[in-house]
1. If you place +1 on the Cβ of every Lys and Arg, -1 on the Cβ of every Asp and Glu, and leave all else neutral, what size is the dipole of region 190-329 about its Cα centre, to the nearest 20 Debye?
2. If each residue of separation counts as 0.36 nm, what is the full-extension length gain between N165 and A97 once their alpha-carbon separation is subtracted?
3. Ordered by residue, what ³J(HN,Hα) values in Hz, to whole numbers, does region 276-291 give under the Karplus form 6.51 cos²θ - 1.76 cosθ + 1.60, where θ = phi - 60° and Gly and Pro are x?
4. Along Cα→Cβ, 7 Å out, is where each label goes; now give me the distance between the ones at S139 and E353 in nm to one decimal.
5. For the pair T176 and S306, what calculated FRET efficiency results from E = 1/(1 + (r/R0)^6), where r is the Cβ-Cβ distance and R0 = 35 Å, to the nearest 0.05?
Amino acid sequence: MGISSNIGAYIMALLVPIHTVKSVPSSPFELTGTIEPNTFEIDYQSFTEWMDLTLNVPILVLTYDAPSSLAATLAVLAPTISIVAGGGWSESQPAGAVTENWRRVKSSPDGSVLMAAARDGRVWLSTNTGTSWTDEQPSGVDADADWRSCANDSDGSVLYAAIHNGRAYLSTNGGTSWAETQPAGNTNKAWRDAACSTDGSIIIVGADNDHPYVSTNTGTSWSQVGPGVARYLTVACSASGSVMYTGQWQGRLYVSTTTGSSWAQVQPLGNVDGGWRDMACNSDGTTVIAVDGPNRIWVSTNTGTSWTEVRPDGNRNGDWRGPGISSDGTKMIIGELGGRLWESSDTGANWTETRPDGIDANYDWYTSVSDSDSSVLLAFQVNATGKGYIFK
């Protein structure tokens, strides 16, 4: 990643304040204004590459065509100007230099708090955008387990994690202590997915051969919701928790706009069953991306009223997994089992392949997530490759 050498630009600063420039064109351009001490951000090619320039003094002329020449130009013009480059993928391994069967990753809106759950592994938490990770041990579960679902609020104080064919656990103090929570009562369940509101008060969870369950008081009590018993492999909810989605494997897709008290069937495929196993929605719940596996990907921008098929890699079926979406719904990321990782910056209309490790090869991409503006992305693999990557 980074700025490619064929991008050229010419900036002249003269009169008025300029703080942010978006979508730098490939041909030279000119700006007029006084660049005051602030963060001057150059953002282009969707969210795949960017660069921040922290300018400490006004400058008159700035030219660049690559990171090296940009740094050299800045040094000549004003030695006090600093440059911070970013926008690249790097390996982020919560469990260290080992592969894991990563099943779920979740992010706070600002990308600072991240959770990752592994099958036959552990639950991991980062509170510094993936720089370091902590092995969480809910309620003393000091052993590998089949963690299939996790969720966190905006500041990382409320954390939820559940074991497939096991129990569910909740922390309200950022993982310092955990307690078992019982959505379905005092019994093991095949927990599959979870989502929560940004304040952590509203939580929705899904399980195999059961109903979804919703809590509106941070897990103190739970209510059985949804249309009936099925394999609920995926759930999603808006930032407020008022809009919820849940999907059935070999069944139907449902939406609630009443925090789970009532549900309506939505039909991306028409009046037929689908293999709904992964989904994500934006902050207000109006835009949702849902995976009918192993077939196609569908997007709605009106809370499920109508749907459009999107095609990252042409007109074909794919074993698509774990989509992520920005808060405004325009930016998306999705991976394919035995395939590639793809990004979109126009609500799925167009897609670009991204390669976290730079290698032109297929991998088992299983789960991915985006923060509110897609400046932080996580993409994790399963099986033999089993690595995790972060874009920030």
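Rule-based calculations on the coordinates, nothing more; no lab input. For clarity, every value in this text was computed on a predicted model and none was experimentally measured. All Cβ positions, glycine included, derive from the backbone under ideal geometry; neighbour counts span all protein chains shown.
1. So the dipole magnitude of region 190-329 works out to roughly 200 debye.
2. 21.7 nm is the gain from fully extending N165 to A97.
3. Going residue by residue, I get 6, 10, 8, 7, 7, 10, 7, 5, 9, x, 6, 10, 9, 10, 10, 10 Hz, with x marking Gly and Pro.
4. Here the modelled spin labels are 4.5 nm apart.
5. Efficiency, from the Cβ-Cβ distance: 0.20.
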